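Take a look at the structure below.
The values are calculated or read from the model by the stated rules, or taken from the named source; none is laboratory data. Note that the coordinates shown come from a computational prediction; the quantities given were computed from them, not determined experimentally. Don't worry about glycine lacking a Cβ; one is built from the backbone with ideal geometry, like all the others, and counts go over all protein chains shown. For the accessible areas, the whole protein counts, side chains as well, though only heavy atoms, and no ligand, DNA or RNA atoms are used. Shrake-Rupley method; radii C 1.70, N 1.55, O 1.52, S 1.80 Å.
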Amino acid sequence: MDMFTATVPVFDRMLGSMQTWIGIARDHAKAKGFDESVYLTLRLAPDMLPLPRQIQIASDGAKGAVCRLSGQDVPSWADTEATLDDLLARLQKTRDFLKGFQPEQINGSEQREVSVPRRQGDPLKFNGEDFLRFFATPNLYFHATTLYALLRHAGVPLGKMDFLGSR
């Protein structure tokens with residue numbers, strides 16, 4: 001498997017699944033007669049980032065990964081999403097951004113030095129392959145899993161195949 005195949009299609013599929021979960025959540029709220037905006041405050045613990053941040057971080061991680069692996073600067077997007085529609089648009093914007101990358105931009109990046117800035121301390125440094133396997137992909141799945149868990153905890157009828165994507 002090449003680096004492109006391990007990034008763009010994988011990230012796109014998970015982001016698409018996240019869009020599906022938000023759609024199911026909307027349907028659930030409508031069927032149960034409550035305002036869908038209650039989902040925006042969901043968190044599993046008081047010190048946890050709420051649902052919108054899970055989506056924003058997954059989005060940033062996916063676009064950041066392909067940019068870093070292709071040697072491009074990572075664009076900064078404002079985290080201003082305040083509704084489920086906004087979050088769906090953010091996910092779609094990310095998917096559209098990913099589709100702008102071609103295999104030749106990412107393939108061969110296995111040994112490219114990748115630096116990930118942190119709020120405090122020195123940046124994390126990886127070669128491209130380790131960045132993808134041990135940071136970028138796990139980070140995306142962490143935030144996707146957290147979104148899934150938040151929605152399940154709120155009673156949204158999601159199942160394993162919704163997470164895995166039955167496409």
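Can you pull out every residue in the stretch 156-167 that is open to solvent by less than 80 Å² (accessible area, probe 1.4 Å), modelled with pLDDT under 95 and hydrophobic (A, V, I, L, M, F, W, C)?
Correct list: PHE163 only.
Identify, please: which residue in the stretch 78-132 is open to solvent by less than 40 Å² (accessible area, probe 1.4 Å) and free of Cβ contacts under 8 Å to residues at least 40 places away in the same chain and is, among those, nearest to LEU40 (Cα to Cα)? Let's see the steps before the verdict.
Pass one, the stretch 78-132, residues open to solvent by less than 40 Å² (accessible area, probe 1.4 Å): 81, 84, 87-88, 90-91, 94-95, 98, 101, 106, 109, 114, 116, 128, 131-132.
Checking which are free of Cβ contacts under 8 Å to residues at least 40 places away in the same chain leaves us with 81, 90.
Details: GLU81: 10, ARG90: 14 Å.
By that ranking, first place goes to GLU81.
Touching a residue at least 60 places away in the same chain (Cβ under 8 Å), under 14 Å from VAL10 (Cβ atoms) and not hydrophobic (A, V, I, L, M, F, W, C) - does that describe any residue in the stretch 147-164?
no
Given (1) without any contact (Cβ under 8 Å) to a residue 40 or more places away in the chain; (2) in contact with a Phe, Trp or Tyr (Cβ under 8 Å, 6 or more places away or on another chain), identify the lone condition not met by LEU51.
So the condition that LEU51 fails would be (1).
Examine the stretch 143-155 for a residue that is open to solvent by less than 40 Å² (accessible area, probe 1.4 Å), assigned to a loop (DSSP other than H, G, I, E, B) and under 18 Å from TRP21 (Cβ atoms), and state whether such a residue exists.
From the stretch 143-155, those open to solvent by less than 40 Å² (accessible area, probe 1.4 Å) are 143-144, 146-147, 149-151, 154-155; that's our starting set.
Next cut, assigned to a loop (DSSP other than H, G, I, E, B) only: 154-155.
If we keep only those that are under 18 Å from TRP21 (Cβ atoms) as well, we get 154-155.
The answer is yes, given that some residue of the stretch 143-155 is open to solvent by less than 40 Å² (accessible area, probe 1.4 Å), assigned to a loop (DSSP other than H, G, I, E, B) and under 18 Å from TRP21 (Cβ atoms).
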